[in-house]
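Trainee: Sharing a structure below in structure tokens format, with a few things to ask.
The values are calculated or read from the model by the stated rules, or taken from the named source; none is laboratory data. The structure presented is a predicted model; accordingly, all values stated were derived computationally and were not measured. Neighbour counts run over all protein chains shown; Cβ positions are idealised from the backbone, glycine included. The protein model used for the area step is the full one, side chains on, heavy atoms only, and it has no ligands, DNA or RNA in it. Shrake-Rupley method; radii C 1.70, N 1.55, O 1.52, S 1.80 Å.
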Amino acid sequence: MPPKKPQKDPARLEALSQCEARLSSAFEHSITGICFANLDGLVTEANEAFLKIVGYGREDLCSGKLGWREMTAPEYRHLDDHAIERMKVTGTCGPFAKECTRKDGSRVPVLFSAALVSGSETELVCFSLDLTEYKHAEEKVNYFAYHDALTNLPNQELFKDRLKHALVVAGRTEQMLAVVLVDLDRFAIINDTLGYVTADQVLREVAKRIVSCVRESDTVARFGGDDFALLLPEINHPEDAARVARHIQECLSAPFNFDEQELFLTSSIGISFNPVDAKDAVSLLKSAGTALNRAKELDGNNYQFYTAGRTTKALRQLVLENNLRPGLERDEFIIHYQPQVNIQSFQLVAMEALVRWEHPALGLLHPSEFIGLAEDSGLIVSIGEWVLRTACLQSKAWQDSGFDPLRVAVNLSARQFQQPGLVESVTQILKDTGLNPTFLELELTEGSIMKDPNQAIRKLYELKAMGIHISVDDFGTGYSSLNYLKRFPIDTLKVDQSFVKDINTDPDNEAIVSAIITLAHALKLNVIAEGVETHQQLESLRALKCDEAQGLLFSRPLAVAEFTDLLAERLSLGIPKDYTTTQLPSLLNVLQQQFS
Ligand code: C2E
Ligand code: MG
Ligand code: MG
């Protein structure tokens, strides 16, 4: 007898079909993307939601080539690898977030999980949830945690964050930074009379105008109400911040047109600087706030620096002080050379090395602007060494190019002269550069010699023993202790320019210059007059038998290329013609006359 077919239980069949119908509806209508796939990644079945999320059509599915692993964006594929390993052990994986690449190449963030189909070791059911909306919402929340909803500008939180970061950078680069607070004058009246809607429009327009006044690297923030803040990193000079403040006030003073009304605004601004006023974010904001209050008290429509009472000049000094060291590191210093002329023979006999600072923002600066600062900070020692080394190198280079050797005079500041290692440093520099010491002259002031005469005398003898020339700069303006002239191994006195200036108009000055020259010659010293600007001054100096002179009459201090032209006789000294032709027959002329 054939085996009896199992009797179909109609109730069980009914339940099964109901279950199948339910599952298939859930599959078809689920907003979660569901697909069946094998471990190799091939998708065998997928619902509409899945196809929509990953941007493929049913025809792609039917082609039998849709692979769920290929859909994962490359940098997330390692997550799929982990998921598969995990699934082999536990039968499930996820949920985890990843990004899929759609058929059109766009990206979609998804939350993904999968499980092995019960009873199977190779078939998977995968679930994907589109996270696009969620991500947008998250971005929005994050954005508004750091931005002002009305103007879209950074808020106080983000401003402080950027300020802290900028302070770290400024500390490293020794750059200055400014915090600028802007407050609209009498804005409460606009709020009260025009209502919040118009007031909001005004604030949006104000934000736009302020942003248009600054660089892209600056930050403009709204702290709420009518308070705006600016962060200006990389300020070279307080004037840069003042310029921004003036520009903002000008932009805000143009009429605002709303609801056919013309509105005029003025603003008050407070400015503080790092590191001058404060070194941390909170104190900088506080200082700028104090400055802003002062601007308001002064009836508004003005800007104030926190540094009360500090003149722009004092601020400029502070900036320079901050820029000195980086300036030296960035090779911003150069030397100009001023000719020194024998005023009997009119020969070029020497040159004085005069340092200049090519400041990137302030232009060419003269030593009076920074030598004092460098002295105070001790940086004069490094600057002085640089000048000495560079001047020696340049002199040697001129000699090596075949020009007649000239002595180069280098100024030593008091602090530099008092350095314990000065003699060693000079010796080393001469050795390194190969300049013969007889072509080096060191200029000292009476003050720096007299600070510690015993030490000075020892040092001067050591330098002199090497063959170096010693001169006393600005002679007549310092201690004028005649005794040291005898004791110290000095070669030259440089008559200060203040005496030369009035030599033709002030008989006292003429008497002083005459006395200096007589004294110098009695002690067998050379005399050079500084600051000779006119023909008459030269005449008087020649009559008094002064040996040499230096000044604008002959030449201003020259850049290296110009001095090279002078040496190569492509440029000439400003010697008055009558000297060169009548009183100064050249050796060649004399010889020609004798042999003709
Ligand atoms: P100093 O050594 O007495 O230098 C002479 C100054 O007079 C220079 O000014 C020069 O440019 C200026 N000068 C030249 N001819 C004339 C003229 O006909 N009329 C007038 N009114 N001035 C003239 P500079 O270059 O500004 O230097 C000023 C001072 O700075 C120097 O005075 C010197 O004391 C100091 N200095 C310059 N370079 C260095 C340096 O490398 N190291 C140190 N420690 N000090 C330096
Ligand atoms: Mg000098
Ligand atoms: Mg001088």
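Trainee: What number goes with the only condition from (1) surrounded by fewer than 16 Cβ atoms within 10 Å (Cβ to Cβ); (2) at pLDDT below 95 that residue 400 does not pass?
Mentor: All conditions pass for residue 400, except number (2).
Trainee: Can you tell me which residue within the range 478-502, out of those that are out of contact with any helix residue (DSSP H, G or I) (no Cβ under 7 Å at 6 or more places or on another chain) and in a loop (DSSP other than H, G, I, E, B), is surrounded by the fewest Cβ atoms within 10 Å (Cβ to Cβ)?
Mentor: Residue satisfying both the conditions and the ranking: 491.
Trainee: Could you check how many residues of the range 526-546 are surrounded by fewer than 23 Cβ atoms within 10 Å (Cβ to Cβ) and either under 21 Å from residue 353 (Cα atoms) or within 16 Å of ligand 2 (Cβ to nearest atom) (or both)?
Mentor: The qualifying residues number 4.
Trainee: Here is a further query. Scan the range 451-466 for residues that are within 23 Å of residue 352 (Cα to Cα) and open to solvent by 30 Å² or more (accessible area, probe 1.4 Å) and jot them down.
Mentor: Result: 461, 462, 464, 465, 466.
Trainee: Something else now. So for the range 201-218 (the condition being part of a helix (DSSP H, G or I), surrounded by fewer than 16 Cβ atoms within 10 Å (Cβ to Cβ) and of a type in the set (Ser, Thr, Tyr)), does at least one residue qualify?
Mentor: yes
Trainee: From the list 126, 93, pick out the single residue that is more than 30 Å from residue 222 (Cβ to Cβ), in contact (Cβ under 8 Å) with a residue 40 or more places away in the chain and out of contact with any Pro (no Cβ under 7 Å at 6 or more places or on another chain).
Mentor: None of the other options fit; the residue is 126.
Trainee: Just checking, how many residues over the range 416-435 are closer than 19 Å to residue 492 by Cα and either part of a loop (DSSP other than H, G, I, E, B) or in contact (Cβ under 8 Å) with a residue 60 or more places away in the chain (or both)?
Mentor: Number satisfying all stated conditions: 0.
Trainee: Oh, and also: Of the residues that sit in the range 437-450 and are closer than 23 Å to residue 392 by Cα and out of contact with any strand residue (DSSP E or B) (no Cβ under 8 Å at 6 or more places or on another chain), which one is surrounded by the most Cβ atoms within 10 Å (Cβ to Cβ)?
Mentor: 448
Trainee: When the range 482-512 is examined, which residues are found to be within 16 Å of ligand 3 (Cβ to nearest atom) and of a type in the set (Val, Ile, Thr)?
Mentor: 490, 492, 495, 500, 503, 512
Trainee: Also, I was wondering about something else. Checking residue 523 against (1) within 16 Å of ligand 2 (Cβ to nearest atom); (2) without any contact (Cβ under 8 Å) to a residue 40 or more places away in the chain, only one condition comes out false. Which one?
Mentor: (1)
Trainee: Filter the range 458-502 for residues that are more than 15 Å from ligand 1 (Cβ to nearest atom), over 19 Å from residue 437 (Cβ atoms) and touching a residue at least 24 places away in the same chain (Cβ under 8 Å) and give the result.
Mentor: 479, 480, 481, 482, 484, 485, 486, 487 - these are the residues of the range 458-502 that are more than 15 Å from ligand 1 (Cβ to nearest atom), over 19 Å from residue 437 (Cβ atoms) and touching a residue at least 24 places away in the same chain (Cβ under 8 Å).
Trainee: Here is a further query. Starting from the range 529-547, keep only residues that are of a type in the set (Ser, Thr, Tyr), then list their pairs with residues that are crowded, with 18+ Cβ neighbours inside 10 Å whose Cβ atoms are within a distance under 6 Å, requiring at least 6 positions of separation or different chains.
Mentor: 540/503
Trainee: Taking the range 451-481, which residues are within 16 Å of ligand 3 (Cβ to nearest atom) and among the small types (Gly, Ala, Ser)?
Mentor: Once the filter is applied, which keeps residues that are within 16 Å of ligand 3 (Cβ to nearest atom) and among the small types (Gly, Ala, Ser), the range 451-481 yields 471, 476, 478, 480.
Trainee: Then there's this: Determine which member of the set 262, 239, 250 is surrounded by fewer than 19 Cβ atoms within 10 Å (Cβ to Cβ) and part of a strand (DSSP E or B).
Mentor: Sole residue among the options that is surrounded by fewer than 19 Cβ atoms within 10 Å (Cβ to Cβ) and part of a strand (DSSP E or B): 262.
Trainee: Within the range 503-513, can you find the residues that are open to solvent by less than 40 Å² (accessible area, probe 1.4 Å) and touching a residue at least 12 places away in the same chain (Cβ under 8 Å)?
Mentor: 503, 513 - these are the residues of the range 503-513 that are open to solvent by less than 40 Å² (accessible area, probe 1.4 Å) and touching a residue at least 12 places away in the same chain (Cβ under 8 Å).
Trainee: On the given criteria, is residue 27 touching an Asp or Glu at 6+ places or on another chain (Cβ under 7 Å) and in the same structural domain as residue 100 (by TED's automatic domain parsing)?
Mentor: Answer is no for this residue.
Trainee: Quick check: is even one residue across the range 310-326 within 30 Å of residue 264 (Cβ to Cβ) and open to solvent by 50 Å² or more (accessible area, probe 1.4 Å)?
Mentor: yes
Trainee: To continue, here is another question. Can you find a residue in the range 470-487 that is over 21 Å from residue 548 (Cα atoms) and at pLDDT 95 or above?
Mentor: No - not one qualifying residue is present in the range 470-487.
Trainee: Out of all the residues in the range 449-460, is one or more among the hydrophobic types (A, V, I, L, M, F, W, C), within 16 Å of ligand 2 (Cβ to nearest atom), in the same structural domain as residue 417 (by TED's automatic domain parsing) and assigned to a loop (DSSP other than H, G, I, E, B)?
Mentor: No: the range 449-460 contains no residue that is among the hydrophobic types (A, V, I, L, M, F, W, C), within 16 Å of ligand 2 (Cβ to nearest atom), in the same structural domain as residue 417 (by TED's automatic domain parsing) and assigned to a loop (DSSP other than H, G, I, E, B).
Trainee: Which condition number in (1) away from ligand 3 (no atom under 16 Å from the Cβ); (2) within 30 Å of residue 566 (Cα to Cα); (3) among the polar types (S, T, N, Q) is the one that residue 425 fails?
Mentor: (2)
Trainee: Restricting the search to the range 461-477, which residues are part of a loop (DSSP other than H, G, I, E, B) and among the aliphatic types (A, V, I, L, M)?
Mentor: Listed by number, the residues that qualify are 466, 468.
Trainee: Additional query: Suppose we keep only residues that are away from ligand 2 (no atom under 15 Å from the Cβ) and surrounded by fewer than 16 Cβ atoms within 10 Å (Cβ to Cβ) within the range 343-368. Which one would you say is nearest to residue 239 (Cα to Cα)?
Mentor: 361
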